[in-house]
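The values are calculated or read from the model by the stated rules, or taken from the named source; none is laboratory data. The structure displayed is predicted, hence computed values, not measured ones. Methodologically, a virtual Cβ is constructed for each residue, glycine included, from the backbone with ideal geometry; neighbour enumeration extends over all protein chains shown.
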Amino acid sequence: MSLKKTRDQLVKLLGQADNNVIALSGKWGTGKTHLWNEVKNESSDDKVKKALYVSLFGLSSIDHIKRKLIEAAIPGVESHGGVFDGIKGLFRVGVKALSTHYKALAALNDLNVLLMAPVVLRGKVIVIDDIERKHEKLGIDEVLGFIDEYSKQHYSRFVLVLNDDQLSSKGDQEKLWATFREKVIDQEIRLSTSADETFSIANMLVPSKYAEAIKRASVACGLTNIRIVIKVIRVANLILAERDLKNAIQARVIPSIVLFSAIHYRGLADGPDFKFALNAGNPDWTAFVRDSNKEPTLQEKREDGWRMLMQELGIHSCDEFEKRLVEFLESGLFEAGSIETIIDRYVAETEAMEARESAQEFLKRVYWDHRVDEAQLVAEAASFPARSGLLDPFVATQLDSVLTKMPGGAAIGEAIVEGWIQAFKASKPTTVNDDNPFNNPLHPKIQAEFAKINANAEANATVVDACIYIIENSGWGTLQQVAMQRATAADFEAAIRGMEDLDKLRRFMRRMIEMRLQRKTYDPNFGTATERFVEACRKIANDAASPRLADLIQRLFSGTALASELAPQPPTAQAQRP
């Protein structure tokens with residue numbers, strides 16, 4: 001039952017005096033306590049307005065429940081004679097303060113307070129919340145007995161608020177609750193808050209300038225837990241930092257924030273994990289092949305649903321933003337600089353973002369709008385070649401892929417790819433990061449262009465650049481391996497003699513000596529690079545024309561296991577060296 005209908009029904013039941021015990025149940029976080037507070041504050045019934053509230057969380061006995069209720073009731077009692085004046089006095093002074101020196105008096109006062117429970121609670125409306133979170137020492141049967149006694153003998157009315165999905169099967173709680181329903185509860189209402197209502201409540205508690213975009217994504221994800229939606233909003237507010245973001249950028253980042261936060265906070269009933277979501281857009285993800293004659297497995301059906309959800313959210317591929325988002329959610333450490341750099345790049349590329357959003361909307365129509373004919377789709381796609389340079393290579397590839405299958409669309413798809421390549425060339429890239437960690441499909445012509453750029457970069461890579469890269473990144477890539485593997489002794493000698501940056505020379509020499517000392521680790525990756533390095537150092541160390549540089553090499557090698565390698569090699573040894 002929706003929030004409004006449930007509210008109206010609860011007001012109606014409270015207006016019927018014969019409903020002594022009303023249960024308000026539903027899943028955790030759906031807004032039951034929020035609903036009750038609204039009903040209480042808006043009620044014209046004085047007893048409902050002054051209803052007493054107690055949460056069973058952490059309470060281990062019925063006496064604790066009574067004390068909490070009496071403490072809530074006493075401040076509101078206007079006039080009940082001298083008896084209550086005395087009790088109010090005890091509460092003002094504090095029973096604990098008196099009991100420090102007079103333990104007997106404390107016990108007597110506590111007993112007096114509890115003995116007043118039937119009088120204080122008589123005829124009151126009592127709300128009992130968090131029944132499923134009660135202390136393990138407090139049995140549900142005790143709670144039921146208390147409610148039964150006070151509703152029948154002292155004319156109290158009860159509203160029981162319960163997260164029935166949190167009831168433990170241990171200790172026969174479910175069985176006892178079933179008995180409760182049968183013998184104590186007069187009426188029960190189950191709240192099923194819609195995702196739209198859930199967001200409205202959460203946004204009222206935690207406002208956001210990105211409310212509309214967050215709401216669309218939250219509703220698409222079917223988030224009905226107010227506490228989780230509040231967390232999602234807070235994550236979005238923290239990451240986006242009140243920036244003024246255009247719709248295209250919000251459409252790029254907010255659906256990911258909502259989905260990945262919902263995954264992390266377990267807000268999806270049966271949602272994907274981070275690994276599945278991060279792989280959005282790879283060939284296995286989008287173009288998976290399945291035997292049409294074979295019934296899909298339960299897991300395959302679940303994954304189909306996850307793909308549909310991500311398509312509805314507009315998450316067609318993931319990049320550095322999603323990786324940083326997952327790192328933040330898993331660690332709790334927010335590196336504002338790394339996220340801001342990515343968003344700043346998006347802001348600088350607003351025109352490109354709008355072009356990509358337009359492309360994604362087009363792809364969405366291709367996949368989902370079965371009513372539009374292909375001729376119309378081809379006509380709509382005619383505007384993309386002029387903007388293809390603003391797209392990323394994966395979206396250009398995807399557009400070509402879908403258009404190739406439509407009559408008259410192949411030429412437009414080809415023009416999109418060619419336009420992207422020409423724009424890429426115009427940017428004069430010196431290298432391409434083509435790791436493609438999520439293995440997204442890429443057009444063969446684009447792959448060939450990337451390979452050409454990287455081949456040129458490899459041809460011009462220097463051993464010094466490779467070594468410095470390894471020092472600064474504690475690792476290496478293809479370019480560094482290629483540069484090291486093809487380096488000759490002459491390359492190393494030229495690098496050492498020609499390096500004018502003394503700090504770079506110092507780091508280079510120390511790192512190469514270290515690699516030579518640990519050659520078993522590095523030789524499998526760099527071939528004979530360390531041997532060629534030693535060969536170059538040997539030549540310099542024995543060059544009388546460069547005494548100061550020779551002395552430097554000698555000092556760097558002295559005291560290491562490599563000192564002997566600087567000695568001149570006999571001609572036969574040089575001839576045998578591979």
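General observations
- Criterion violated by GLU300 - all others in (1) surrounded by 15 or more Cβ atoms within 10 Å (Cβ to Cβ); (2) acidic (Asp, Glu); (3) modelled with pLDDT under 85 satisfied: (1)
- For the range 163-177, the condition of being farther than 22 Å from ASP130 by Cβ and either at pLDDT below 90 or outside any strand (DSSP E or B) (or both) holds for none of the residues.
- Test: residue in the range 541-559 that is modelled with pLDDT under 85, in a loop (DSSP other than H, G, I, E, B), more than 21 Å from MET499 (Cβ to Cβ) and not charged (D, E, K, R): yes
- GLU212 being surrounded by fewer than 22 Cβ atoms within 10 Å (Cβ to Cβ) and farther than 27 Å from THR33 by Cβ: no
- Across the range 517-552, the qualifying residues are those that are within 44 Å of the chain's Cα centre (by Cα) and among the basic types (Lys, Arg), and the one among them that is surrounded by the most Cβ atoms within 10 Å (Cβ to Cβ) is ARG519.
- When the test is whether a residue is closer than 19 Å to ASN440 by Cα, among the hydroxyl-bearing types (Ser, Thr, Tyr) and at pLDDT 80 or above, SER358 does not pass it.
- Summed over the range 50-78, residues that are in a helix (DSSP H, G or I) and exposed (fewer than 13 other Cβ atoms within 10 Å of the Cβ) total 2.
- Any hit, the range 319-338, residues being within 25 Å of LYS425 (Cβ to Cβ) and either without any contact (Cβ under 8 Å) to a residue 40 or more places away in the chain or surrounded by 13 or more Cβ atoms within 10 Å (Cβ to Cβ) (or both): yes
- Checking TRP368 against (1) farther than 19 Å from LEU278 by Cα; (2) at pLDDT 90 or above, the condition it does not meet: (2)
- Of the residues making up the range 468-526, those that are of a type in the set (Val, Ile, Thr), in a helix (DSSP H, G or I) and at pLDDT 80 or above are ILE496, ILE513, THR521.
- Of all residues making up the range 367-408, the number that are charged (D, E, K, R) and assigned to a helix (DSSP H, G or I): 4
- All conditions but one from (1) small (Gly, Ala, Ser); (2) within 17 Å of the chain's Cα centre (by Cα); (3) surrounded by 24 or more Cβ atoms within 10 Å (Cβ to Cβ) apply to ALA202; the one that does not is (2).
- Scanning the range 233-267 for residues that are surrounded by 17 or more Cβ atoms within 10 Å (Cβ to Cβ) and not in a helix (DSSP H, G or I) gives LEU245, TYR265, GLY267.
- Counted residues, the range 215-232 - those being buried (at least 22 other Cβ atoms within 10 Å of the Cβ) and not in a helix (DSSP H, G or I): 3
- Condition met for GLY332 (touching a Cys at 6+ places or on another chain (Cβ under 9 Å), at pLDDT below 90 and assigned by TED's automatic domain parsing to the domain that holds ILE233): no
- Of all residues in the range 366-400 being among the small types (Gly, Ala, Ser) and buried (at least 17 other Cβ atoms within 10 Å of the Cβ), the one that is farthest from PRO444 (Cα to Cα): ALA381
- Residues located in the range 387-429, provided they are aliphatic (A, V, I, L, M), over 36 Å from the mean Cα position of the chain (by Cα) and over 20 Å from PHE450 (Cα atoms): MET406, ALA410, ALA411, ILE412
- The residues on offer are GLU374, GLU340, GLU351, and the sole one that is at pLDDT 85 or above and not hydrophobic (A, V, I, L, M, F, W, C) is GLU374.
- Pairs linking a residue in the range 205-225 that is without any contact (Cβ under 8 Å) to a residue 40 or more places away in the chain to a residue that is assigned to a loop (DSSP other than H, G, I, E, B), with Cβ atoms under 7 Å and 6 or more positions apart or on different chains, are LYS209/GLU242.
- Scanning the range 307-366 for residues that are of a type in the set (Phe, Trp, Tyr) and not in a helix (DSSP H, G or I) yields a count of 1.
- Among residues of the range 191-204 being in contact with a Lys or Arg (Cβ under 9 Å, 6 or more places away or on another chain) and in contact (Cβ under 8 Å) with a residue 40 or more places away in the chain, the one that is farthest from VAL232 (Cα to Cα) is LEU191.
- Count of the range 1-48 residues which are within 25 Å of ALA178 (Cα to Cα) and in a loop (DSSP other than H, G, I, E, B): 12
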